[in-house]
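Colleague: This is the structure, below, for whatever I ask next.
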Amino acid sequence: MKKIILFLGTLGLFGLTTVASAQSSDQYFETGGLGYIILSSMDHTVEVSRLWNGGFYRGNITIPASVVYNGETYNVVALGEEAFEGSTLSSVTIPSSVIEIKRGCFFNVMGSLSAINIPASVTSIGEYAFVVQNLTAINVDENNPSYRTIDGMLFSKDTATLMACPAAKSGAITLPQNTKYIANYAFTFCFYITGVTLHEGISSIGCRAFWSNRRLNNIVIPSSVSHIGPNPFAYCLALDNLTLSDGNMHYYLDGMMIYSAEGDSLLSAHKSADSVFLPNTLRYVNGFGLNQNVRYVNVPDGVTTIGDETFNGSTLVSIDLPNHLDLMGEGAFAYCSSLTRVAMPSSLDTMRKECFFSCENLTSIDIPNGLRAIPPDAFNSCTSLSHITWGDAVETIGEAAFGDCAFTDLIFPSTLRSIGLAAFPSYNGMADMGRVVFTAPIDTIEPEAFTQRQIGLLQFVNTTPPVTVTMPEYGEDWGCLYYATVDTIVIPCGTLDAYLVDSYWGQFADKYGEDCGTDGIEESAGSQQSAVSVYPNPTSGQLHINTTDQHITSITIHNTMGVRARTEQINGDSNHMTLDLSTLPAGVYYLTVKSGESTTLHKVVKME
């Protein structure tokens, strides 16, 4: 998930994610300036894809009906999710081979593109597929069996559902009398619409249906409306007049907040006071997404679910979640840049992806004891997050869960069994991470888990190395320490050979030290072992290091947090070295001694 800058300002895109294709590299190819993903090798079908190099499409785009790859002809049957997101386009030609235009395909498209023509072959169109800066018309072939155009807007064939309004459409909108449903995101970023008349007979208003309609200042919800999706008026900054028609039996209005008639669900709170006290009847909460007034919300104990994107992009500062909460939805607190504190109850057992994505001022988090899985991107880009308490149940950490967080010390719980792809990387150059300690055997650590981290001390209790995937096309070293550095890897006593013969872990032969005890007992690593003695241990000051055969070349000292306390480079032919540790605080230290091709690790106790 990443923050996207919209085409008419610097409003962050909240709640929509950039698709990172899960297909392997042999399913993706480029030809004629377009990227494709093979959908079916048997049926020879492909979809137009985002460019995997991170680039954007530009200019006039003509999509062919078929393409040739590796001598095989494939039919182009779909335009993929967010395929053209962020592109700058002048025109697009869609062939009659295309039957599906997927979710967000033309989201956040800039340039002079003012009209999109949809052929008769298209029978499926995803949500927010046409959010284009200068788009004034979505034209549908009159022979299309599923869709039609009315006044430049996209409707279902029977006009019962408004699918999408072009972003550059302006003025007041009047919908056909037989329109009953306003789809999710139908009026997304229609900045120039000044009014929409919702007639009696409309029964459904979708999720974020009027997202960021900046000039919309008045809405009357008909009595016929029986379904309102979460946060339909998100970031409608001018909407100060919201009315619910008499006779509506499904909802009630309290100020700008829309509740279910039963009082168990909050659906919309696009504006509010800075402190909000919700009624005790609630079980489900949503609707504060992009609210620019709220600072504190008192959520009653009866609430069991915080919905998707509930506080997404709001100005929330602090929150205590209720004692019976068991589910937090996708992106529930994402982009809450003012959030500094959140307290989660032990009852919480499910957290959806991107829950706290880019909460830039969140410094610490306590994981509830009932939570077994940290989902993908859960705390990604929480750049101030430096402290975490794991609880007693976490078994899996998902992909990019803690990307670019500020941890300098990680001690994982004994329950942990797997770490996902790019779970703890640094995104902005090399970043120190003093100590990474596994307190129980870990089964799997996916590639790039610690990319661009400078790890002082990495400690395993595995008697056999953890599995980390490697892919030859990315290089044999494409594993969990890809583009990372590590000073010392501590492994259990007697396990060195198992690590050295491993196809991935064998490359770190000069980093290992075997942990054979806690009282100054020597641990050794490397393809050759050297007899090294360290004394006195414990010591209050001077420490002597002797080798019997090879000369000492360097000595490195780390504290138990993995922070490097001292490094000595020796340029000579000495088999003896004396260190003065008197200036170091009392405590336990790891001493790494390199002599010849051997590296030995020693625990040293420094006394007052």
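The values are calculated or read from the model by the stated rules, or taken from the named source; none is laboratory data. In this text, all values refer to a predicted model and were calculated from it rather than measured experimentally. All Cβ positions, even for glycine, are placed from backbone atoms using ideal geometry, and neighbour counts span all protein chains on display. The area values use the complete protein model at the heavy-atom level, side chains included, leaving out ligands, DNA and RNA. Shrake-Rupley method; radii C 1.70, N 1.55, O 1.52, S 1.80 Å.
Colleague: For T161, only one of the following conditions fails: (1) within 36 Å of the chain's Cα centre (by Cα); (2) under 20 Å from R103 (Cα atoms); (3) touching a residue at least 24 places away in the same chain (Cβ under 8 Å). What is its number?
Modeller: Every listed condition holds for T161 apart from (3).
Colleague: Same structure again: Working only within the stretch 329-341, note down all residues that are crowded, with 21+ Cβ neighbours inside 10 Å and either β-branched (V, I, T) or touching a Leu at 6+ places or on another chain (Cβ under 7 Å) (or both).
Modeller: Answer for the stretch 329-341, where residues must be crowded, with 21+ Cβ neighbours inside 10 Å and either β-branched (V, I, T) or touching a Leu at 6+ places or on another chain (Cβ under 7 Å) (or both): F333, C336, L339.
Colleague: How many residues, within the stretch 25-51, are in contact with a helix residue (DSSP H, G or I) (Cβ under 8 Å, 6 or more places away or on another chain) and open to solvent by 50 Å² or more (accessible area, probe 1.4 Å)?
Modeller: First, the residues of the stretch 25-51 that are in contact with a helix residue (DSSP H, G or I) (Cβ under 8 Å, 6 or more places away or on another chain): 25, 37-38.
Now narrow it down to the ones that are open to solvent by 50 Å² or more (accessible area, probe 1.4 Å): 25.
Residues meeting the conditions: 1.
Colleague: Can I ask one more? Among the numbered criteria (1) at pLDDT 95 or above; (2) of a type outside the set (D, E); (3) assigned to a loop (DSSP other than H, G, I, E, B); (4) open to solvent by 30 Å² or more (accessible area, probe 1.4 Å), which one does L237 miss?
Modeller: Among (1) at pLDDT 95 or above; (2) of a type outside the set (D, E); (3) assigned to a loop (DSSP other than H, G, I, E, B); (4) open to solvent by 30 Å² or more (accessible area, probe 1.4 Å), the lone unmet condition for L237 is (1).
Colleague: Additional query: For the stretch 411-428, enumerate the residues that are farther than 19 Å from N369 by Cβ and without any contact (Cβ under 8 Å) to a residue 40 or more places away in the chain. Walk me through how you get there before you give the answer.
Modeller: Our first condition is that a residue be farther than 19 Å from N369 by Cβ; within the stretch 411-428, this holds for 418-428.
Result: S418, L421, A422, A423, F424, P425, S426, N428.
Colleague: (1) touching a Gly at 6+ places or on another chain (Cβ under 8 Å); (2) of a type outside the set (D, E); (3) open to solvent by less than 10 Å² (accessible area, probe 1.4 Å): which one isn't true of C190, the others all being true?
Modeller: Here C190 meets the rest and fails (1).
Colleague: Of a type in the set (S, T, N, Q), assigned to a loop (DSSP other than H, G, I, E, B) and buried (at least 19 other Cβ atoms within 10 Å of the Cβ): does that describe N248? Break it down into steps so the answer makes sense when it comes.
Modeller: Working: of a type in the set (S, T, N, Q): yes; assigned to a loop (DSSP other than H, G, I, E, B): yes; buried (at least 19 other Cβ atoms within 10 Å of the Cβ): no.
Taking the combined requirement at face value, the residue does not satisfy it.
Colleague: For the subset of the stretch 389-406 comprising residues that are open to solvent by 10 Å² or more (accessible area, probe 1.4 Å) and under 18 Å from A440 (Cα atoms), which member is nearest to the chain's Cα centre (by Cα)?
Modeller: In this case the residue turns out to be T396.
Colleague: Could you grab the pairs with beta carbons closer than 6 Å, sequence gap of 6+ or different chains, first residue in the stretch 126-149 and small (G, A, S), second one open to solvent by 20 Å² or more (accessible area, probe 1.4 Å)?
Modeller: Short answer, once both residue conditions are applied: G126/K102; G126/R103; A137/A115; S146/T123; S146/K157.
Colleague: Of all residues in the stretch 164-179 being open to solvent by 50 Å² or more (accessible area, probe 1.4 Å) and not small (G, A, S), which is nearest to the chain's Cα centre (by Cα)?
Modeller: Initially, the stretch 164-179 is screened for residues open to solvent by 50 Å² or more (accessible area, probe 1.4 Å), giving 170, 172, 174, 177-178.
This time we only want the ones that are not small (G, A, S), so: 174, 177-178.
On the way: T174: 39, Q177: 42, N178: 41 Å.
Checked the stretch 164-179; the qualifying residue nearest to the chain's Cα centre (by Cα) is T174.
Colleague: So, in the stretch 300-327, of the ones that are in contact with a Gly (Cβ under 9 Å, 6 or more places away or on another chain) and over 19 Å from N361 (Cα atoms), which residue ends up most open to solvent (accessible area, probe 1.4 Å)? Can you show your working first?
Modeller: Kept after step one, since they are in contact with a Gly (Cβ under 9 Å, 6 or more places away or on another chain), are these residues of the stretch 300-327: 305-314, 322, 324, 326-327.
Next, from what is left, pick out any that are over 19 Å from N361 (Cα atoms): 305-308, 322, 324, 326-327.
Details: T305: 30, I306: 0, G307: 5, D308: 82, P322: 3, H324: 113, D326: 58, L327: 42 Å².
Out of the qualifying residues, it is H324.
Colleague: Answer with yes or no whether A423 is open to solvent by less than 10 Å² (accessible area, probe 1.4 Å) and farther than 28 Å from N559 by Cα.
Modeller: Values: open to solvent by less than 10 Å² (accessible area, probe 1.4 Å): yes; farther than 28 Å from N559 by Cα: no.
No, not satisfied.
Colleague: What is the number of the single condition among (1) open to solvent by less than 70 Å² (accessible area, probe 1.4 Å); (2) under 16 Å from F107 (Cβ atoms) that E81 does not meet?
Modeller: Single failed check for E81: (1).
Colleague: Taking only the stretch 97-122 into account, find how many residues are open to solvent by 50 Å² or more (accessible area, probe 1.4 Å), assigned to a loop (DSSP other than H, G, I, E, B) and either over 11 Å from I138 (Cβ atoms) or not small (G, A, S) (or both).
Modeller: Kept after step one, since they are open to solvent by 50 Å² or more (accessible area, probe 1.4 Å), are these residues of the stretch 97-122: 99-100, 103, 110, 112, 114, 117.
Of the ones still in play, those that are also assigned to a loop (DSSP other than H, G, I, E, B) are 99, 103, 112, 114.
From the residues that got through so far, the ones that are either over 11 Å from I138 (Cβ atoms) or not small (G, A, S) (or both) too are 99, 103, 112.
Qualifying residue count for the region: 3.
Colleague: Mind telling me which of the residues D151, D158 ends up being of a type in the set (D, E), within 19 Å of L216 (Cβ to Cβ) and open to solvent by 10 Å² or more (accessible area, probe 1.4 Å)?
Modeller: Numbers: D158 fails: within 19 Å of L216 (Cβ to Cβ).
Result: D151 is the single residue among D151, D158 that is of a type in the set (D, E), within 19 Å of L216 (Cβ to Cβ) and open to solvent by 10 Å² or more (accessible area, probe 1.4 Å).
Colleague: Related question: Hey, any hits in the stretch 129-149 for a residue that's out of contact with any strand residue (DSSP E or B) (no Cβ under 9 Å at 6 or more places or on another chain) and closer than 26 Å to I61 by Cα? First the steps, then the outcome.
Modeller: Keep residues of the stretch 129-149 that are out of contact with any strand residue (DSSP E or B) (no Cβ under 9 Å at 6 or more places or on another chain), which gives 143, 145.
After this cut, where a residue has to be closer than 26 Å to I61 by Cα as well, the list is 143, 145.
Checking the stretch 129-149: at least one residue is out of contact with any strand residue (DSSP E or B) (no Cβ under 9 Å at 6 or more places or on another chain) and closer than 26 Å to I61 by Cα.
Colleague: Can you work out which of the residues in the stretch 51-95 that are among the β-branched types (V, I, T) and not in a strand (DSSP E or B) is nearest to N139 (Cα to Cα)? Spell out how you get there, then give the answer.
Modeller: First pass over the stretch 51-95, keeping only residues among the β-branched types (V, I, T): 61-63, 67-68, 73, 76-77, 88, 92-94.
Keeping just the survivors that are not in a strand (DSSP E or B) gives 63, 94.
Details: I63: 17, I94: 12 Å.
It comes out as I94.
Colleague: Between S224, S212, which is surrounded by fewer than 23 Cβ atoms within 10 Å (Cβ to Cβ), assigned to a loop (DSSP other than H, G, I, E, B) and either under 28 Å from the mean Cα position of the chain (by Cα) or modelled with pLDDT of 95 or more (or both)?
Modeller: Only one candidate qualifies: S224.
Colleague: Cβ-Cβ distance below 6 Å, separation of 6 or more or different chains: which pairs start in the stretch 368-379 with a residue that is under 22 Å from P425 (Cα atoms) and open to solvent by 30 Å² or more (accessible area, probe 1.4 Å) and end on one that is of a type in the set (K, R) and part of a loop (DSSP other than H, G, I, E, B)?
Modeller: As it stands, the answer is P376/K353, since those pairs meet every condition given.
Colleague: Can you find, within the stretch 490-539, the residue that is nearest to S598 (Cα to Cα) among those that are modelled with pLDDT under 90, open to solvent by 50 Å² or more (accessible area, probe 1.4 Å) and acidic (D, E)?
Modeller: Looking at the filtered set, the residue picked out is D510.
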